[in-house]
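For reference, the structure discussed in these notes is given below.
The values are calculated or read from the model by the stated rules, or taken from the named source; none is laboratory data. This one's a predicted model, so the numbers in the text were calculated from it and none came from an experiment. Neighbour counts are summed over all protein chains in view; Cβ atoms, including those assigned to glycine, are modelled from backbone coordinates with ideal geometry. The protein model used for the area step is the full one, side chains on, heavy atoms only, and it has no ligands, DNA or RNA in it. Shrake-Rupley method; radii C 1.70, N 1.55, O 1.52, S 1.80 Å.
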Amino acid sequence: MDDLYLGIDLGTSATKAVLVDGAGRVGARSSAAHADSRSAGPGRVDPGPWGRSLTEACAALGPAVAGVTAVCAAVHSPVALFLDSDGVPVGPGIGWEDSQLAGCCASAGALRTPAEAALVANRTLPATTMALAWSVAAGADPGLAGRCVRLGLVGTWLGQFLTGRAALDPTQASYIGLMASTDGSHRWLADLAERYGIPTALLPEVLPSLSVLGSLTPSASTALGVAAGVPVVVGAADTASAAYLLGVREGGAPLYTVGTTHVITTCRTTPDPDPIALARSHVVPGQWLSHGATNGGDALALGARLLGHGTGGDAVRRMTSAAGEATLEEAAGAPVFIPHVAAERGPLWLDTPRTALVGLLPTTSASAAAWGVVEGVAFASRLVLEMCTGGTLPEGAPVALTGNFGESDVYPQLVADLLARPVDLVSESHLPALGAAAMAAAATGGRPLPPPAARRIEPRPAWAQTIAVRWRRFAQQWSQTVGRPFPVPAPNRAEGVELVGSCPA
């Protein structure tokens with residue numbers, strides 16, 4: 001039988017699935033929504049709809065799914081789950097955005113020894129100290145301790161649903177806040193767990209991403225339409241899965257992922273015990289990922305609403321299309337947008353929103369206004385990119401860009417212009433799912449699956465001078481709005497950069 005891999009991406013609001021053969025050819029793609037999983041309120045997650053969307057996504061792949069020879073999944077951002085011995089949730093999940101979790105994390109840093117902090121290699125923040133969700137959940141439900149036998153993340157629930165075995169891979173376990181990452185041991189720090197009030201018996205075993213978790217159970221076989229007994233690979237977090245597929249490596253092109261959050265991902269072979277951004281172990285042993293994040297998608301949505309493009313699914317695309325119509329003169333005189341519409345994680349670490357839209361006048365054209373908003377979001381990602389690479393990315397070195405882009409979408413060109421470097425656009429809507437399929441192949445002895453093709457987009461030379469000055473203007477306004485010095489060098493007047501057109505002060 002020919003190899004056929006099922007890659008699953010269980011995301012925040014939908015499950016995506018792909019069928020990929022042993023040569024890397026995609027036979028089918030599908031998607032099924034589960035937005036109702038977040039209907040329980042802020043910071044609370046109902047895992048029930050995940051099972052429904054998983055079944056629907058696999059059914060939409062068609063009858064070929066019956067020929068799958070291995071399964072693997074990528075999963076979304078940290079959600080703590082409380083499971084019984086069968087892997088069934090015994091209460092709502094706790095998302096990293098839960099306000100009570102933030103309060104628990106505020107005092108947790110003082111409980112770590114310097115050696116433990118260096119092993120964990122993340123600040124004690126909600127997204128990276130998800131173990132403390134146990135305190136939140138147990139405080140709200142005193143009977144939880146008697147019903148819960150496992151504290152895990154999304155991958156724990158899904159793996160047990162598929163195989164009956166509860167585990168976690170290092171890319172996800174990095175965000176529990178109790179795992180030794182930088183020494184590569186991936187062991188739980190029992191003494192720290194005790195200080196946090198977490199029974200170590202609750203923690204799942206940590207297994208390599210590229211290992212077989214178990215065999216597909218009969219019940220999971222019925223749900224997926226895949227033959228019972230096929231191997232299920234442990235898998236990884238979604239961004240780590242995409243980085244694995246694209247071969248993100250130290251010294252290579254960083255990965256810029258566009259979504260609700262805009263994330264810059266880099267890789268290193270020497271772990272950083274005190275990283276400026278979010279750190280995690282990689283799928284590949286002996287490698288570590290760093291994620292610099294901004295609330296880019298939320299900022300674009302807010303900008304689209306403020307500029308009259310609406311709140312629907314096409315609002316941001318209408319705004320970016322308008323920005324693409326801006327002339328050089330309009331761009332030079334566009335408003336300056338500081339896009340931190342919510343608290344920011346690393347490397348900026350803003351505990352409150354810092355937002356400004358300066359220079360929007362009644363006479364500002366629609367295209368100039370749109371340019372200003374899009375520019376501000378891309379410049380924030382440029383700032384994160386330069387911080388996460390320490391300014392070592394050579395001039396002209398490319399960045400890999402991924403997101404849900406159509407053929408006519410101008411945003412990738414604007415990103416290339418505003419980053420002032422080439423962009424290798426990967427136009428694949430199911431990238432983490434494809435990464436999961438690649439992990440399924442690697443863990444079961446198949447041939448390495450190739451990454452999807454990328455299209456090189458060069459920055460437009462005619463725009464370089466204006467954008468250099470706009471970058472300086474952004475730096476000035478950023479410092480005024482945020483209240484601290486701009487974290488990286490920016491062009492200044494002494495460098496002889498002249499502005500085409502005019503720019504609001």
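Points worth noting:
- The stretch 149-234 - percent of accessible surface contributed by carbon and sulfur, probe 1.4 Å: 56
- Protein heavy-atom accessible surface, 1.4 Å probe, per residue over the chain: 38 Å².
- Per-peptide packing, taken as the mean over residues of other Cβ atoms within 10 Å, places 298-306, 377-385, 189-197 in the sequence 377-385, 298-306, 189-197 from highest down.
- Acute angle (nearest 10 degrees) that the helix 431-443 long axis makes with the longest principal axis of the chain, alpha-carbon atoms: 40
- Three-way shape call for the stretch 317-404 based on the alpha-carbon gyration tensor, with the a/c threshold at 1.5: oblate
- The value given for the chain is a Kirkwood hydrodynamic radius of 23.4 Å, derived from the mean inverse Cα-Cα separation.
- Highest average packing first - 264-274, 332-342, Cβ atoms within 10 Å: 332-342, 264-274
- Sequence ranges 229-242, 198-211, 351-364, 121-134, ranked by mean other-Cβ count within 10 angstrom, highest first: 229-242, 121-134, 198-211, 351-364
- Above 14 Å, the calculated P(r) of the stretch 238-315 contains 63 percent of its Cα-Cα pairs.
- Taking a ≥ b ≥ c as the square roots of the eigenvalues of the Cα gyration tensor, an a/c ratio of 1.5 or more together with a/b no larger than b/c marks the stretch 390-455 as oblate.
- A Stokes-Einstein calculation at 4 °C with viscosity 1.567 mPa s, built on the Kirkwood radius of the stretch 270-368 over Cα pairs, returns a diffusion coefficient of 82 µm²/s.
- The long axis of helix 48-59 is offset from the longest Cα principal axis of the chain by roughly 90 degrees.
- In the stretch 1-75, the DSSP beta bridges split such that about 70 percent are antiparallel, to the nearest 5.
- Fraction of alpha-carbon pairs over 19 Å apart in the stretch 77-168 - percent: 43
- Apportionment of accessible area to carbon and sulfur, the stretch 300-357, percent (1.4 Å): 49
- For Glu344, the solvent-accessible surface with a 1.4 Å probe is about 10 Å², rounded to the nearest 10.
- Length-normalised contact order for the chain - Cα pairs under 8 Å, 6+ apart - percent: 15
- Cα long-axis angle, helix 315-324 against the chain (0 to 90 degrees, to the nearest 10): 40
- Extension gain from Asp191 to Ala453, taking 0.36 nm per residue of separation minus the Cα-Cα distance: 89.6 nm
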